[in-house]
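Student: Here it is: the structure, laid out below.
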Amino acid sequence: MNNLNQVIIEGNVVRQPEPRTGTGFSICTFPIAVNRTTKTQDGKTNEEVSFFDVDAFGNIADFSSKYATKGRGVRIVGRLKQNRWKDDDGKSHSKVKIIAEHIDYKPVAKKSQGADASESGGMSKQQKMALLQEAADAVASEQGEEMVF
């Protein structure tokens, strides 16, 4: 029987992924930052940031190399893996990584061009309404009717 080893973690990608190829499959490595905000007893805000390395394999690695862009929010379901080694001096080292088994990519917020511009195409509400009215006028002129939005 295996012991339980599962982690769910949300954070932001710190830098662009590093894709590479293993023995016949894709590998992608990228770090994420996880922010945690707490309040102390005297009411002050305390912010803590933790950094974790994530390894993805196969199709998950292919998607990660495309979509896990720097700054993007991700939710990772995976497991922890500890790598242990000894350096040339015989000193023992250890590093824990997250092995991704599933990744959800949070939507990327597009930069708006105006104060009321929306995410779809950067058009403002007024521009969309004018475009709709134009289309309605064109249809109405073909049908001999007047349409108003």
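The values are calculated or read from the model by the stated rules, or taken from the named source; none is laboratory data. On a predicted model such as this, the values are computed, not experimentally measured, just so you know. Cβ placement follows ideal geometry from the backbone for every residue including glycine, while neighbour counts extend to all protein chains displayed. When the accessible area is computed, the model is the full protein with side chains, heavy atoms only, and any ligands, DNA or RNA have been set aside. Shrake-Rupley method; radii C 1.70, N 1.55, O 1.52, S 1.80 Å.
Student: Hey, which of these cross-link pairs are over 32 Å Cα-Cα: Lys70/Lys125; Lys44/Lys125; Lys39/Lys95; Lys39/Lys97; Lys66/Lys91? List each step's numbers first, then the result.
Tutor: Working: Lys70/Lys125 30 Å; Lys44/Lys125 41 Å; Lys39/Lys95 30 Å; Lys39/Lys97 29 Å; Lys66/Lys91 38 Å.
In this structure, Lys44/Lys125; Lys66/Lys91 exceed 32 Å between Cα atoms.
Student: Note the full-extension length gain between Asn5 and Lys66 as 0.36 nm times their separation in residues minus their Cα-Cα distance, in nm to one decimal. Kindly include the intermediate steps, with their values, before the conclusion.
Tutor: Numbers: separation 61, 0.36 × 61 = 21.96 nm, distance 2.74 nm.
Length difference between fully extended and current span is 19.2 nm.
Student: Kindly report the accessible area of the stretch 63-110 per residue (heavy atoms of protein chains, probe 1.4 Å, no ligands, DNA or RNA), in Å². The partial results should precede the final answer.
Tutor: Working: 3470 Å² over 48 residues.
Per-residue value: 72 Å².
Student: Taking the Cβ of Val96 as the center, what net charge do the other residues with Cβ under 12 Å away carry, scoring Lys and Arg +1 and Asp and Glu -1? Mind showing how you got there, number by number?
Tutor: Working: positive: Arg79, Lys81, Arg84, Lys95, Lys97; negative: Asp53, Asp55.
So the environment of Val96 carries a net charge of +3.
Student: According to the square roots a ≥ b ≥ c of the eigenvalues of the Cα gyration tensor, what is the shape class of the stretch 1-110, taking rounded for a/c under 1.5, prolate for a/b larger than b/c otherwise, and oblate for the remainder?
Tutor: Working: a/c = 1.81, a/b = 1.18, b/c = 1.53.
It comes out oblate by the Cα gyration axes.
Student: Could you calculate the contour length gain from Leu131 to Arg84, that is, 0.36 nm times the residue separation minus the distance between their Cα atoms, to one decimal place in nm? Don't jump to the answer; show the numbers that get you there.
Tutor: On the way: separation 47, 0.36 × 47 = 16.92 nm, distance 6.19 nm.
Value of the extension gain: 10.7 nm.
Student: Quantify, in whole percent, the carbon and sulfur part of the accessible surface of the stretch 1-127 (1.4 Å probe; protein heavy atoms only).
Tutor: Values: 4520 of 9400 Å².
Here carbon and sulfur together make up 48 percent of the probe-accessible area.
Student: What ranking do 7-14, 128-135 get when scored by the average of other Cβ atoms within 10 Å per residue, highest first?
Tutor: Numbers: 7-14: 15.4, 128-135: 12.0.
Going by the mean number of other Cβ atoms within 10 Å, highest first, we get 7-14, 128-135.
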